[in-house]
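The values are calculated or read from the model by the stated rules, or taken from the named source; none is laboratory data. Keep in mind that this is a model prediction, so the values were computed, not measured. Note that each Cβ is placed from the backbone with ideal geometry, even for glycine, and that neighbours are counted across all protein chains shown. To get the accessible areas, we keep the full protein, side chains included, count just its heavy atoms, and leave off ligands, DNA and RNA. Shrake-Rupley method; radii C 1.70, N 1.55, O 1.52, S 1.80 Å.
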Amino acid sequence: MNVLSSLQPILNEVKQRFGERLNAVVSPRANEVYVHAKMDLVAGFCAHLYRKWKARLVSLFADDARPSDGVFHLYYVFALDAAHSFITLRVPVSPEQPEFTSLTNALPSVNWQEREIQDLFGLKLIGHPNPRRCALHDDWPEVYPLRKNFELRTKLPPFEGERHHFRTVEGEGVFQVPVGPVHAGIIEPGHFRFSVAGEPVLYLQIRLFYTHKATEKLFENLPVQHCVRLAESISGDSGFAHATAFCHAVERLAGVEVPPRARVLRSICLELERLYNHIADIGAICTDVAFVTAHMHAMRLKERVLRVNETLTGNRLLRGMACLGGVRFDWDHDQLKTLAQLVAELKPEFESLVKLIEGSSSTLDRLEHAGVLKPEVARDLGVVGIAGRASGFDHDLRRDFPHAAYDQVKVHVPVYQVGDVEHRMQVRIDEVRESLSLIEQFTARLPNGPLSVELGELPADSVALGYVEGWRGEIFHWIRTAPGNRLARCKVKDPSLQNWPAMSEAILGNIIPDFPVVNKSFNLSYSGTDR
Amino acid sequence: MFEILRKSLGTGVVTTSYPATPPEVSIRARGRPEIDWANWKDARPAATICPTGAIDFKDTAVARTASLDLARCIFCGLCADVDKAIRMTNVCECAARSRNDLMTSASYSLRPDGTHDRLVSPPTTEKTQHGQLSASQRESLEVIGEQIKLRADKIFGRSLHIREVDAGSCNGCEVEIVGLNSPVYDIERFGIHFVASPRHADMLLVTGPVTRNLELALRKTHNAMPDPRLVVAVGACGCSGGIFGQNYATVGAVDAVLPVDVYIPGCPPNPHALLHGILLAMGRVSQPSTSGQVT
């Protein structure tokens, strides 16, 4: 079996420890290993990987394999950052007894992921502290949409209204403030319910999945080349990152090597996406504490990036650029000149914006110590991306699991321990600088050559994991193929799903007027969470 | 304070003069696809590659009716890659008052091998069920329509307050709608403001394929608005359901839930396209012709 040399000792130790309880160990790729075992091994296996090898459970999902294997499968995907590898535990669940044991009490980060499996597959959770519905709201009939015998176009009875009972916090002077799902600004829908005593927030409940639109089921119903366009629509501001993560999964499954030029172009696009979103966020954080001038300058810079995106790819949000096996459009001399000009102009402009913000003491006063997410809480919740790095989480897939052309550059990852709004903004500022430098490095070494490779017919019933460090954090797409260039399952994991519960922690003790800025400093995707 | 002033004065005015000047889009921007209907040889490759079914055809034994539905189009340009008769223009202004104005179709006589022989009926924009109405009925409807339009112009022609509702979008449309408040597009120069409450709003700007979980919230928001009110559907998803269409979790297009006054296609629509659509709804600009032009 051909696995990375850094992974081999871990694998040997695991095999030795669990011995015959591992039904099989399969390695489709050098950094991606699958371990098959029974349900009773899950808790022990997780604990062992977590304690001994510092593994992170990055995704947990189910797959209806009844047509081929007669069972449901649960997959627990662990990232071993130091070994640059993934170990996935696969566990069968029999249709006669459709239930599985919850890990939430030990690993709070899997709370929503487990409940989503219960909602969408009808596998009952055993021992979950709060096994209520999350993905499908309370008025949904008893349907399990991701089971194979459920038709995508099923027409469900019309909506009958809210039946969700929120938890109450009791005591003298405690009252609730409901917000959403339609918010005051131009943002996505979700419901927040604050329990407050006077001004400080005692408890925040977040109810999401309003934009659940059957994305994962749709992947199973579209030809694989159309799925790239669907992946672009998982989370609009991360369209390129999601599409690329999907392409990575399919390319790894097909075992093809993307041409060097395409890999570099992909990396530049990923950085452009990071650039426009980070700049917009820095501005939006300022506007939430009433420093509108900085916001306007940030919007102006964001618009400049979007227009360059349009010149480079035909679409301001980089849509249509990604394709299986590479990228769709090449850039000529003029386009590269436009890009170089953008970087050259943005550098002083951005520094002047940062100077403007740092010179505004009233702004900094509001950002400091607001919405603190302590490193130990962030670690328990498995918080990733910007929010993670502001709370001491030193991980970045660009550095730890180099994809696209990130193996050719050195990526500096900013990490802070404070975890407040100010530091989440600081991570963004550092990353904008880093992105500008990375784009320069990539354009300097842009190789010539083809833009994409043919994939050919995909082998049926194979699995692969695709990953990308999007601007929000790590994005995973896991696929299993069906015959005839189709997918039997595509699991999408947006970093937001992991980070939302952290908001409830970060807001505690803050006042409601600070919520917008705390929310903005996380800037999580609703659509990416809900799919 | 001085630093803020210095920076603002140093930056100068960045606002576009649109609509007095044409939209500032790159020549490489992918806007509305244009079909050379007269020389279109075969609708099948484009229809096969279209991810949303925006290009479609229906065959009888001897004839084929091919159509292009801009409400569905996500402007990906895949059809232009496989079919020389299709060209992606950089035209982004394509908002329309009726869903049917976004649909163009033409009929061809069919060769046995499935390719087009010749154009039987030239490209036309479909009109709503006019065949079922008598001539006088049609005329009176048109008069009423014109009166309503004049009234809307009078009411909304000066200033407008918009409530934006994401009814299930991917957030792409929101990225561009937020851009309308930027100093570059500066929508407030038209007297248009985005407001927090539907109670203050004249227009509901809706994005996304309406999801089952949000349908009620959308209806409630609409009901909370004072009359008269306008509804604008934004993006391929808002106009038609887009790539998501109708499924167990989505109701589909916005007009499945609310009466829609203007449709703004695109994925996502460029800010110029959004401005154009909003101004069209207010009666400040006219609708571009979407019937097929032969190039």
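Normalised by the residues of the range A:47-129, what does the relative contact order come to in percent, with Cα pairs under 8 Å and at least six apart?
Computed value for the range A:47-129: 24 percent relative contact order.
Using the Karplus curve 6.51 cos²θ - 1.76 cosθ + 1.60 with θ = phi - 60°, what ³J(HN,Hα) values do you get for each residue of the range A:253-259, in whole Hz, with x for Gly and Pro?
5, 7, x, 9, 9, 6, x
Determine the relative contact order of the range B:1-118: mean sequence separation of Cα pairs under 8 Å and six or more apart, normalised by residue count, in whole percent.
Relative CO of the range B:1-118 lands at 31 percent.
Report P(r) for the range A:274-322: all Cα-Cα distances, bin width 5 Å, range 0 to the bin holding the largest distance, values in whole percent.
Once binned at 5 Å, the Cα pair distances of the range A:274-322 give 5, 25, 24, 19, 12, 8, 5, 1.
Tell me which residues come under 5 Å, amide H to amide H, from A:T88 once H is placed; ignore anything under 5 positions away on its chain.
A:V33, A:Y34, A:V35, A:F78
Run the numbers on the range B:4-53: which residues show a drop of 30 Å² or more in accessible area, chain on its own versus all protein chains together, using a 1.4 Å probe over heavy atoms?
By number: B:I4, B:K7, B:T11, B:E24, B:S26, B:R28, B:R30, B:P51.
Return the Rg/Rh value of the range A:77-206, two decimal places, where both radii are evaluated on C-alpha atoms and Rh is the Kirkwood radius.
Here Rg/Rh amounts to 1.04.
Let me confirm one metric for peptide B:212-222, namely the mean number of other chain beta-carbon atoms within 10 Å of its residues' beta-carbons.
6
Charges at C-beta only: +1 for Lys and Arg, -1 for Asp and Glu. How large is the resulting dipole of the protein assembly as shown about its Cα centre, in Debye rounded to 20?
It comes to approximately 700 debye.
Can you tell me the dipole magnitude for the range A:193-331 around its Cα centre, using point charges on the Cβ only (Lys, Arg +1; Asp, Glu -1), in Debye to the nearest 20?
My answer is approximately 200 debye.
For a 19 Å ceiling on Cα separation, which of these pairs sit above it: A:K302/A:K347; A:K38/A:K493; A:K148/A:K213?
Over 19 Å Cα-Cα: A:K38/A:K493.
Looking at chain B as a GNM with Cα springs under 10 Å, which of B:G283, B:G208, B:G31 has the largest mean-square fluctuation?
B:G283
Give me a comma-separated list of calculated 3J(HN,Hα) values for the range A:17-28, in order, Karplus coefficients 6.51, -1.76, 1.60 applied at θ = phi - 60°, integers in Hz, x for any Gly or Pro.
Those phi angles translate into 6, 9, x, 6, 6, 8, 6, 6, 10, 10, 10, x Hz.
Reachable aspartates and glutamates from A:K155, Cα under 16 Å, same-chain residues fewer than 8 places away excluded?
A:D139, A:E142, B:E215
Starting from the exponent 0.38 and prefactor 2.2 Å, build the expected Rg for the range A:461-531 from its residue count and divide its actual Cα Rg by it.
1.49
Based on the alpha carbon coordinates of the protein assembly as shown, what radius of gyration and maximum Cα-Cα distance (Dmax) apply, in Å?
In order Rg, Dmax, the Cα atoms of the protein assembly as shown give 26.5, 88 Å.
Taking the alpha carbon gyration tensor of the range A:183-272, what are the square roots of 5 times its eigenvalues, largest first, to the nearest whole Å?
Working from the Cα gyration tensor, I get semi-axes of 37, 17, 11 Å.
Using only Cα atoms, figure out Rg for the range B:41-118 and give it as a multiple of 2.2 N^0.38 Å.
1.12
Once neighbouring chains are kept in place and the probe is 1.4 Å, which whole percent of the accessible area of chain A is contributed by carbon and sulfur?
52
List the GluC sites (Glu not before Pro) within the range A:352-455 that fall in a DSSP loop (any state other than H, G, I, E or B) and whose Cβ has at most 16 other Cβ atoms within 10 Å.
Counting only loop positions with at most 16 other Cβ atoms within 10 Å, the GluC sites (Glu not before Pro) in the range A:352-455 are A:E368, A:E454.
Taking the alpha carbon gyration tensor of the range A:359-402, what are the square roots of 5 times its eigenvalues, largest first, to the nearest whole Å?
Working from the Cα gyration tensor, I get semi-axes of 26, 14, 6 Å.
Hey, could you get me the Stokes-Einstein D for chain B, Kirkwood radius over alpha-carbon pairs, 37 °C and 0.692 mPa s, rounded to whole µm² s⁻¹?
The calculation lands on 160 µm²/s.
What would the Debye formula give as log10 I(q)/I(0) at q = 0.23 Å⁻¹ for the alpha-carbon point model of the range A:366-494, no solvent?
Debye intensities relative to I(0), on a log10 scale: -1.28.
Please report Rg (one decimal) and Dmax (integer) in Å for the Cα set of the range B:140-268.
Calculated on Cα positions, Rg and Dmax stand at 14.8, 44 Å.
Whole-Hz Karplus ³J(HN,Hα) for the range B:258-274, in order, using 6.51 cos²θ - 1.76 cosθ + 1.60 and θ = phi - 60°, x for Gly and Pro?
Ordered by residue, 3J(HN,Hα) equals 10, x, 9, 8, 9, 10, 10, x, x, 9, x, x, 5, x, 4, 5, 5 Hz.
Rounded to a whole number, what is D in µm²/s for the range A:224-310 from Stokes-Einstein with the Kirkwood radius over alpha-carbon pairs (4 °C, 1.567 mPa s)?
89
Just the number, please: buried accessible area between B and A, total of both chains, 1.4 angstrom probe, nearest 100 square angstrom.
Protein heavy atoms only, the B-A interface buries about 5600 Å².
For the range A:287-381, what mean projected area does the convex hull of the alpha carbons give, in nm²?
Result: a mean projected hull area of 9.4 nm².
Near the amide H of B:V251, under 5 Å away, which other amide H atoms are found, from residues 5 or more places off or on another chain, if H is placed in the peptide plane?
Amide H neighbours of B:V251, under 5 Å, 5+ apart: B:V210, B:T211, B:R212.
Pull up the cross-link candidates among the aspartates and glutamates for A:K54, meaning alpha carbon to alpha carbon under 12 Å and not fewer than 8 places away within one chain.
A:K54 reaches A:D81.
Give the shape of the range B:12-85 as rounded, prolate or oblate, defined through the alpha-carbon gyration tensor: a ≥ b ≥ c are the square roots of its eigenvalues, a/c under 1.5 means rounded, and otherwise the shape is prolate if a/b is larger than b/c and oblate if not.
In terms of gyration-tensor shape, prolate.
If you only keep lysine pairs separated by 8 or more in sequence, or across chains, how many in chain B come under 30 Å at the Cα atoms?
Close lysine pairs found across chain B: 10.
For A:T101 and A:Q417, FRET efficiency with R0 = 25 Å and r from the beta-carbon atoms, rounded to 0.05?
Here the calculated transfer efficiency is 0.15.
Please report, in debye to the nearest 20, how large the charge dipole of chain B is about its Cα centre when each Lys and Arg carries +1 at its beta carbon and each Asp and Glu carries -1 there.
The calculated dipole for chain B is roughly 200 debye.
Can you tally the net charge around A:V26? Count Lys and Arg as +1, Asp and Glu as -1, for every other residue whose Cβ sits under 12 Å from the Cβ of A:V26.
Surrounding charge for A:V26 is +1.
Give the accessible surface of the protein assembly as shown per residue, rounded to a whole number of Å², with probe radius 1.4 Å and ligands, DNA and RNA excluded.
Value returned for the protein assembly as shown: 37 Å² of accessible area per residue.
Within a Cβ distance under 14 Å of B:A80, other residues only, what is the Lys/Arg minus Asp/Glu net charge?
+2
Excluding A:A254 itself, what net charge comes from residues whose Cβ is under 11 Å from its Cβ, given Lys and Arg +1 and Asp and Glu -1?
-3
Taking each residue in A:309-318, count the Cβ atoms of any other chain within 10 Å of its Cβ, then average. What number comes out?
Other-chain Cβ atoms within 10 Å of each residue's Cβ, averaged: 6.
Relative contact order of chain B, please, whole-number percent, based on alpha carbon pairs below 8 angstrom and at least 6 residues apart.
The normalised contact order for chain B reaches 22 percent.
Which whole-percent values make up P(r) of the range A:2-71 when all C-alpha to C-alpha distances are grouped in 5 Å steps starting at zero?
In order of increasing distance, the bins hold 3, 13, 23, 28, 19, 9, 4, 1 percent.
Could you work out the percent of alpha carbon pairs in the range A:148-233 separated by over 23 Å, rounded to a whole number?
It works out to 49 percent of all Cα pairs.
With only alpha-carbon atoms counted, please give the Rg and Dmax of the range A:295-350, in Å.
12.5, 39
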